[in-house]
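Written out below as C-alpha cells is the structure these notes cover.
We did not get these values from a lab; they are worked out from the coordinates using the rules stated. Just so we're clear, the structure is a prediction, and the values are computed from it rather than from any experiment. No Cβ is skipped: glycine too gets one built from the backbone with ideal geometry, and neighbour counts run over all protein chains shown.
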C-alpha cells in the first residue's frame with residue numbers, strides 16, 4: 001500500500017514484552033517448585049532473568065533511537081482533539097448544573113460543535129469565565145475546575 005508505514009519498532013517492542021512475560025512466568029513457576037530450600041531451578045531462573053534484562057535493555061535503546069527520538073506533537077491537532085472531547089463538559093456541571101451540562105454534551109456529540117462553541121453561542125457564561133472553566137490544563141491539576149474538589 002503506497003504511503004503505508006509499518007509499525008515494526010512497536011511490534012518488536014511488544015514481542016520482547018511478550019517474551020519477558022513468559023520469562024517471568026517461568027521464574028515464578030521455578031521459584032514455586034524449589035524443594036527443601038534447595039532450589040534446583042535456580043539456573044533457569046537466573047537464565048530467564050538475565051535474558052529479560054538483556055532483551056529489555058536492547059529493545060529500549062533501539063526503540064528510542066528508531067521510533068521515539070524525533071517524535072513531535074502536532075499541537076494544533078492535540079488542541080482540536082481536547083476541544084472536541086466530551087470531558088470538557090465536566091467542569092461546567094458545578095456552574096450550570098448536571099442536566100444543562102448533559103444537554104450541551106449531547107448537542108456537541110450530535111452536531112460536532114465543541115462544548116466551548118455551544119456555550120459561547122448560547123451565552124451560557126461570560127466568555128472570560130467560560131475560558132477559565134474550560135481550561136484543559138487546570139482540569140488535570142488537583143483541585144482544578146474539572147476535578148471533584150473544584
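When you count the other C-beta atoms within 10 angstrom of each residue and take the mean per peptide, 81-90, 35-44 line up highest first as 81-90, 35-44.
With contacts taken as Cα pairs under 8 Å at a separation of at least 6 residues, the chain carries a relative contact order of 16 percent.
To the nearest 10 degrees, how steeply does helix 75-84 sit against the main Cα axis of the chain, on a 0 to 90 scale? Roughly 70 degrees, rounded to the nearest 10.
Of the Cα atoms belonging to the range 8-68, the radius of gyration and Dmax stand at 14.4, 48 Å.
Semi-axes of the chain's equivalent ellipsoid from the Cα gyration tensor, sqrt of 5 times each eigenvalue, largest first, rounded to whole Å?
Details: eigenvalues 509, 103, 36 Å².
With the √(5λ) rule applied to the chain, the semi-axes are 50, 23, 13 Å.
Would you compute, from DSSP H runs of 4+ residues alone, the mean residue ellipticity of the chain at 222 nm, taking -39500 (n - 2.57) per run and dividing by the full residue count, rounded to the nearest 500?
-19500 deg cm²/dmol
P(r) tail for the range 75-139: Cα pairs beyond 17 Å make up 33% of the total. So the label point goes 7 Å from the Cα of residue 83 along Cα→C-beta, right? Which residues of the range 112-127 then have their backbone N under 13 Å from it? From the range 112-127, the list is 113-121.
The long axis of helix 8-32 is offset from the longest Cα principal axis of the chain by roughly 60 degrees. The angle between the Cα long axis of helix 42-63 and the longest principal axis of the Cα atoms of the chain comes to about 40 degrees, rounded to the nearest 10. Using C-alpha pairs under 8 Å with a sequence gap of at least 6, the mean separation divided by the residue count of the range 75-139 gives a relative contact order of 34 percent. Here the contact order of the range 13-87, divided by its residue count and restricted to Cα pairs under 8 Å and six or more residues apart, works out to 32 percent. If R0 equals 41 Å, the separation of the Cβ atoms of residue 99 and residue 128 corresponds to a calculated FRET efficiency of about 0.95.
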